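See below for the structure under consideration.
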């Protein structure tokens, strides 16, 4: 297999702001977030896309997305909602070919800032953002 940055994050050889971890999946902040708190959930076992993703791991990825969605609502991010998205294949705008779920916090009336985020893709303080999410996970 060729080099996979998400596999490197999973094995600890590439940096990431990890907000969630269990035996099957890892969650970390997107380095080019659409919104503050935009998190990626990846299976610890490599799969390039949905076609080769073990269904058990797929369910674990989604379950972690549900947990993080709740944390984003409870955290200082105060999300009103969450988008969950999987981009599967180049035509669907997948850029890293390791299956991953995007968990993007949303707020009422944020259509313009969401659209701006698609262009700007930056978090003013990712360390603080990661801590906010981790702190909300600890309240479960």
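What is the P(r) of the chain, as percent of Cα-Cα pairs per 5 Å bin from 0?
Reading the bins upward from 0: 2, 11, 20, 24, 21, 14, 6, 1, 0.
Run the helix sum for the chain: -39,500 (n - 2.57) per DSSP H stretch of 4+ residues, divided by residue count, reported at 222 nm to the nearest 500 deg cm²/dmol.
Mean residue ellipticity at 222 nm (helix-derived): -10500 deg cm²/dmol.
Cut-off is 10 Å between beta-carbons; in what order do 57, 26, 50 appear when sorted fewest neighbours first?
50, 57, 26
Give me the tail of P(r) for the range 73-129 as a percent: Cα-Cα pairs with distance above 18 Å.
Above the 18 Å cut-off, the range 73-129 has 46 percent of its Cα pairs.
In Å and on Cα atoms, what radius of gyration and Dmax does the range 9-86 show?
Here Rg and the maximum Cα pair distance are 12.5, 36 Å.
By how many degrees, 0 to 90 and rounded to 10, does the Cα axis of helix 55-74 deviate from the longest principal axis of the chain?
The answer is roughly 10 degrees.
Where does helix 126-137 land angle-wise versus the long Cα axis of the chain, in degrees 0 to 90, nearest 10?
90 degrees
None of the figures in this text is laboratory data; all of them are computed from the coordinates on show. In this text, all values refer to a predicted model and were calculated from it rather than measured experimentally. Don't worry about glycine lacking a Cβ; one is built from the backbone with ideal geometry, like all the others, and counts go over all protein chains shown.
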